[in-house]
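A.B. asks: Got a structure for you, questions after.
The values are calculated or read from the model by the stated rules, or taken from the named source; none is laboratory data. Given the structure is predicted, the values throughout are model-derived calculations rather than measurements. Quick reminder, even Gly has a Cβ in these numbers, built from the backbone with ideal geometry, and neighbours come from all protein chains shown. Each accessible area value is taken on the protein alone, full model and side chains, heavy atoms only, with ligands, DNA and RNA left out. Shrake-Rupley method; radii C 1.70, N 1.55, O 1.52, S 1.80 Å.
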Amino acid sequence: MTRIVNRTLALCGLALVAGCGQGGLVASTDGTVSDIKADETVVFFQTAGWFDEADREWHLPVHGWIYEPEDSVARKAAFEKILEETFDLSITEETADNFARRLNLMIADNERGKRIVVDLAGRHHALPASAENGHFAATIMLSAAEAAAHAENGLIRYAAVTGDDESRHFEGTVRLLRPDGISVISDIDDTVKISMVGDHRALLEQTFLLDFAAVPGMAQRYRDWSSAVTGFHFVSSSPWQLYEPLHEFLVANGFPWATFSLKAVRFRDETLLDLFREGTETKPAAIRTILDRYPKRKFVLVGDSGEQDPEVYAALMRERPLQVVKIGIRNVTGESAADARYTALFEDIDPARWQLFEDPQKLALPDVGN
């Protein structure tokens, strides 16, 4: 029997979260369609399933966002004024399209209380109602035989069930990630994408105005590691609202297929600086969720020195020494492994298990016997 168990979003309870789904058992349904109006849009985020070896069942998380796009002239003007007067940034002909798209996503009208129905593995599943932030999340259970029958290249595709008058198609994917193997949990900003988080002006320019730029060599390094048993998970302080342009950027630059765990941000005119808040409260919980789902997998944590990735990762390695087997820190601050920051953080950790690197090709994947 197919079961759907609601998963409350891991980011609940934080000041920046706009709301989380309610708990409870949700039954599968047939003959119903999603509650999506013509002026609303649905985005499904890439996720990975995990296998319960005792029950011989796959857990397939479905996580998405329903919102009404905004194109407010007044709010654009207000943000443009802030950028110009506070940060000396001007919108140009070359950056106008980026600014309009990314700002409109940040100020989108989240749709609460919407019921999305998905067609997954030949059945219709009614998901829990969307929360205040427009997010909805549930886990669909499939037997091993069902999953094998519907998987293609390790992925199960699903789509929102819509009415006959709806020409749009909203599709998502879940990867069947086997219990063993190696997974890379990676930051995004200044780890694989140039963001300059330490400079507020540069961060805003990179976030809202310029084309996203990849850190040279990182996509190739991740591709070198990619295999049927390697999983990739992006855990970042970038906001969920920018999932689509971030996903497009990563695909265009050849990064391997990955799941996403981003930061929930309520974006108002007066809270522009929420983008600068640290992710130390959200990142450890998001990473632990992944570690808990795959207790037999080995993990490599990759981040950068510009924020608190070294501190977060070192603490997690001490907490989960059998799972976290390697830490890689991209050196964006010109530090040395002999500096006090790193000697204190890693004083009781084998030097072979962590690495401060500048050239991605020198970042080694540990041999874990796979």
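A.B. asks: Could you tell me what percent of the accessible area of region 86-134 is made up of carbon and sulfur, with a 1.4 Å probe and every protein chain present?
C.D. replies: Carbon and sulfur: 38 percent of the exposed surface of region 86-134.
A.B. asks: OK, next. Using only the Cα atoms of region 64-142, what do you get for the radius of gyration and for Dmax, in Å?
C.D. replies: 18.0, 54
A.B. asks: Bin width 5 Å, origin at 0, all Cα-Cα pairs of region 92-202: what percent of pairs per bin?
C.D. replies: Spelled out bin by bin, region 92-202 gives 2, 8, 11, 14, 15, 16, 15, 11, 6, 2, 0 percent.
A.B. asks: Whole-Hz Karplus ³J(HN,Hα) for region 62-73, in order, using 6.51 cos²θ - 1.76 cosθ + 1.60 and θ = phi - 60°, x for Gly and Pro?
C.D. replies: Each residue of region 62-73 in turn: 10, 9, x, 9, 10, 8, 9, x, 10, 8, 8, 4 Hz.
A.B. asks: For the full complex of protein chains and a 1.4 angstrom probe, list Asp187, Asp180 by accessible area with the highest value first.
C.D. replies: Asp180, Asp187
A.B. asks: Something else now. Let me confirm the definition first: pairs of Lys residues in the chain, 8 or more apart or on different chains, C-alpha distance under 16 Å. How many are there?
C.D. replies: For the chain, qualifying lysine pairs total 5.
A.B. asks: Let me ask another. Accessible area per residue, 1.4 Å probe, Å², for region 127-209: what's the number?
C.D. replies: 36 Å²
A.B. asks: While we're looking at this one, here's another question. Within the accessible area of region 138-258, what % is carbon and sulfur when the probe is 1.4 Å and the other protein chains stay in place?
C.D. replies: 50 percent
A.B. asks: Alpha carbons only, please: Rg and Dmax for region 48-105, in angstrom.
C.D. replies: 20.7, 60
A.B. asks: What net charge do the residues around Ala100 carry, taking every other residue with its C-beta under 9 Å from that of Ala100, with Lys and Arg at +1 and Asp and Glu at -1?
C.D. replies: It works out to a net charge of +1.
A.B. asks: Additional query: Can you give me the long-range amide H partners of Ser237? Hydrogens built in the peptide plane at 1.01 Å from N, cutoff under 5 Å, separation of 5 or more residues or another chain.
C.D. replies: When sequence neighbours closer than 5 places are left aside, the close amide H contacts are Ile188, Asp189.
A.B. asks: Apply 1/(1 + (r/R0)^6) to the Cβ-Cβ distance of Asp211 and Leu322, taking R0 = 45 Å, and write down the FRET efficiency to the nearest 0.05.
C.D. replies: 0.65
A.B. asks: Which semi-axes, in whole Å and largest first, does the equivalent ellipsoid of region 99-139 have when worked out from the alpha carbon gyration tensor as the square roots of 5 times its eigenvalues?
C.D. replies: With the √(5λ) rule applied to region 99-139, the semi-axes are 26, 13, 7 Å.
A.B. asks: Check which residues have an amide H placed less than 5 Å from Lys193's amide H, if you skip close sequence neighbours.
C.D. replies: Counting only residues 5 or more places away or on other chains, the set is Val215.
A.B. asks: Whose amide H sits under 5 Å from the amide H of Ser183, counting only residues 5 or more places off or on another chain, with H placed in the peptide plane?
C.D. replies: Result for Ser183 returns Gly231, Lys298, Phe299, Val300.
A.B. asks: Would you please calculate the Kirkwood hydrodynamic radius of region 167-240 over all C-alpha pairs and express it in Å, rounded to one decimal?
C.D. replies: Radius from the Kirkwood sum: 14.6 Å.
A.B. asks: Obtain the nm distance between the two label points defined at Lys362 and Glu152 by a simple spin-label model: each point lies 7 Å from its Cα along the Cα-to-C-beta direction.
C.D. replies: Between Lys362 and Glu152, the label points sit 4.4 nm apart.
A.B. asks: Any chance you could list the semi-axes, whole Å, largest first, of the equivalent ellipsoid that the Cα gyration tensor gives for the chain, using √(5λ)?
C.D. replies: Semi-axes, largest first: 32, 29, 17 Å.
A.B. asks: Let me ask something additional. So what J values fall out for region 114-125 if you push phi through Karplus, 6.51 cos²θ - 1.76 cosθ + 1.60 with θ = phi - 60°, rounded to Hz, Gly and Pro as x?
C.D. replies: Along region 114-125, the couplings run 8, 9, 9, 10, 10, 9, 10, 6, x, 10, 8, 10 Hz.
A.B. asks: Moving on. What relative contact order, as a whole-number percentage, does the chain give when Cα pairs under 8 Å and 6 or more residues apart are counted?
C.D. replies: Relative contact order comes out at 17 percent.
A.B. asks: May I pose another question? Taking the solvent-accessible surface of protein heavy atoms with a 1.4 Å probe, what is the per residue accessible area of region 30-105 in Å²?
C.D. replies: Dividing the accessible area of region 30-105 by its residue count gives 50 Å².
A.B. asks: Obtain the nm distance between the two label points defined at Asn104 and Asp165 by a simple spin-label model: each point lies 7 Å from its Cα along the Cα-to-C-beta direction.
C.D. replies: 2.4 nm
A.B. asks: A further question follows. Percent antiparallel among DSSP beta bridges with both residues in the chain, to the nearest 5?
C.D. replies: 55 percent
A.B. asks: Taking θ as phi - 60°, what are the ³J(HN,Hα) couplings along region 163-179 by the Karplus curve (6.51, -1.76, 1.60), each to the nearest whole Hz, with x for Gly and Pro?
C.D. replies: x, 5, 8, 9, 8, 7, 10, 10, 10, x, 9, 10, 8, 7, 9, 4, x
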